[in-house]
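To keep things clear, I will list the structure first and then write my remarks on it.
The values are calculated or read from the model by the stated rules, or taken from the named source; none is laboratory data. Predicted model only: the values in this text are computed from it and were never measured. Cβ placement follows ideal geometry from the backbone for every residue including glycine, while neighbour counts extend to all protein chains displayed. Keep in mind that these areas ignore ligands, DNA and RNA; they rest on the heavy atoms of the full protein, side chains included. Shrake-Rupley method; radii C 1.70, N 1.55, O 1.52, S 1.80 Å.
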Amino acid sequence: MKATIAVLAGDGIGPEVVAEGVKVLRAVGQGFGHTFALREALIGGIAIDETGVALPPATVETCVAADAVLLGAVGGPKWDDPTAKVRPEQGLLGIRKALGLFANLRPVTVHPLLMDASPLRRERLEGVDLLVVRELTGGIYFGEKRRERDAAGEWASDLCIYSEAEIVRVVRVAAELARKRRGHLTLVDKANVLETSRLWRSVTTQLMQTEFADLQFDWMLVDACAMHLMRRPSDFDVIVTENMFGDILTDEASMLAGSMGMLPSASLGEGNKGLYEPIHGSAPDIAGQGKANPLAMILSVALLLRHSLGLEDEARAVEAAVSAVLEEGLVTGDIARPGQLPQPTAAVGDAVAARLVVQAQAS
Ligand code: IPM
Ligand code: MG
């Protein structure tokens, strides 16, 4: 097949991990006979430096014209002033919104070989295979923001707003995914305090009773969920939740996998177009040193092949190549086991690409 992929490397370790994702994409193209046209575009801090804004119109155009978007990370100390009018994060939030990517899929699995890299005991990690579906274009992230001063001093507000339609569409995505997995959906909210959460609770319950009565459905308050993710993580199958709860819970859940450097994500909208990015950030402290783990990015490429291009066999081949590399211990320092020499970022990407070529030849 022929496909056009927009490549947004961004800041910090973004360019380093994206280079390995691209390497793997090219290996898939060669091995399986596909043509991927790559179109690079600016986002985040580097876009601010070069154009004055975090999301230049040309980047949006490139993404709109592409079949899928591969994104590294945005942000860094250079642009960290939270009072600045232009901030790198605006690029990320802006492209999610511009492409209508309302469902953010963040799968968390624990490879048996990485259990010792997790702060949790091995017995807690057995059988962990969960998927967080985070609402991505609404809620407190996108509601009206105010910052004012009156006689008593400064005050600020962030409006959290959700409509029934926004809830229904993302819950539907989550429930359909649950149906293909273990058939269990958990809504996470704060319905004991927030009105938006009470709307989530009633809309979701209604939808589950009418369209998804075959699934096991329950709900959990977000604070309890934060605890249960540590206490009994293997009980979760699919979690659906609003934008900010999903942001926080997925950083927490990433610790189950041993390293944030292992977790990919897919952001999807109505069509097949999606944006694929690792859930880790730009990690400025290790940028440019060849220490970044490229596997989250490479696993994001697998999600791109699966969800936007419909290339399931190729997606599985990438995931199998990643497992092979883990088994051989060709990994970066964050997940190296005692006695394993940490590999540089590019060497891990080379190893995955090499195994893909071997697999493609065998298939
Ligand atoms: C994420 C990140 C972003 C978010 C930041 C960088 C704006 O934390 O993708 O989880 O909060 O969505
Ligand atoms: Mg986050």
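Quick notes on this structure:
- Residues that are open to solvent by less than 30 Å² (accessible area, probe 1.4 Å), under 23 Å from Phe245 (Cα atoms) and in the same structural domain as Ile239 (by TED's automatic domain parsing) occur in the stretch 147-163; there is at least one.
- Residues located in the stretch 133-159, provided they are within 16 Å of ligand 1 (Cβ to nearest atom) and more than 18 Å from Gly100 (Cα to Cα): Lys145, Asp158
- In the stretch 234-258, residue nearest to ligand 1 (Cβ to nearest atom) [restricted to those that are over 28 Å from Ser202 (Cβ atoms) and in contact with a helix residue (DSSP H, G or I) (Cβ under 6 Å, 6 or more places away or on another chain)]: Ser254
- Test for Ala58: is it touching a strand residue (DSSP E or B) at 6+ places or on another chain (Cβ under 7 Å), free of Cβ contacts under 8 Å to residues at least 60 places away in the same chain and surrounded by fewer than 22 Cβ atoms within 10 Å (Cβ to Cβ): no
Yes or no, residue by residue, for (1) open to solvent by less than 10 Å² (accessible area, probe 1.4 Å); (2) farther than 17 Å from Met230 by Cα:
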position: Leu120; (1), (2): no, no
position: Val132; (1), (2): yes, no
position: Gly139; (1), (2): yes, yes
position: Leu177; (1), (2): no, yes
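- Matching strands (runs of 3 or more DSSP E) fully within the stretch 158-270 where at least 1 residues are within 28 Å of Leu305 (Cβ to Cβ), in contact (Cβ under 8 Å) with a residue 12 or more places away in the chain and more than 16 Å from ligand 2 (Cβ to nearest atom): 184-189, 238-241, 264-268
- Residue match in the stretch 278-299 (condition: open to solvent by less than 20 Å² (accessible area, probe 1.4 Å), more than 16 Å from ligand 2 (Cβ to nearest atom) and either β-branched (Val, Ile, Thr) or at pLDDT below 95 (or both)): yes
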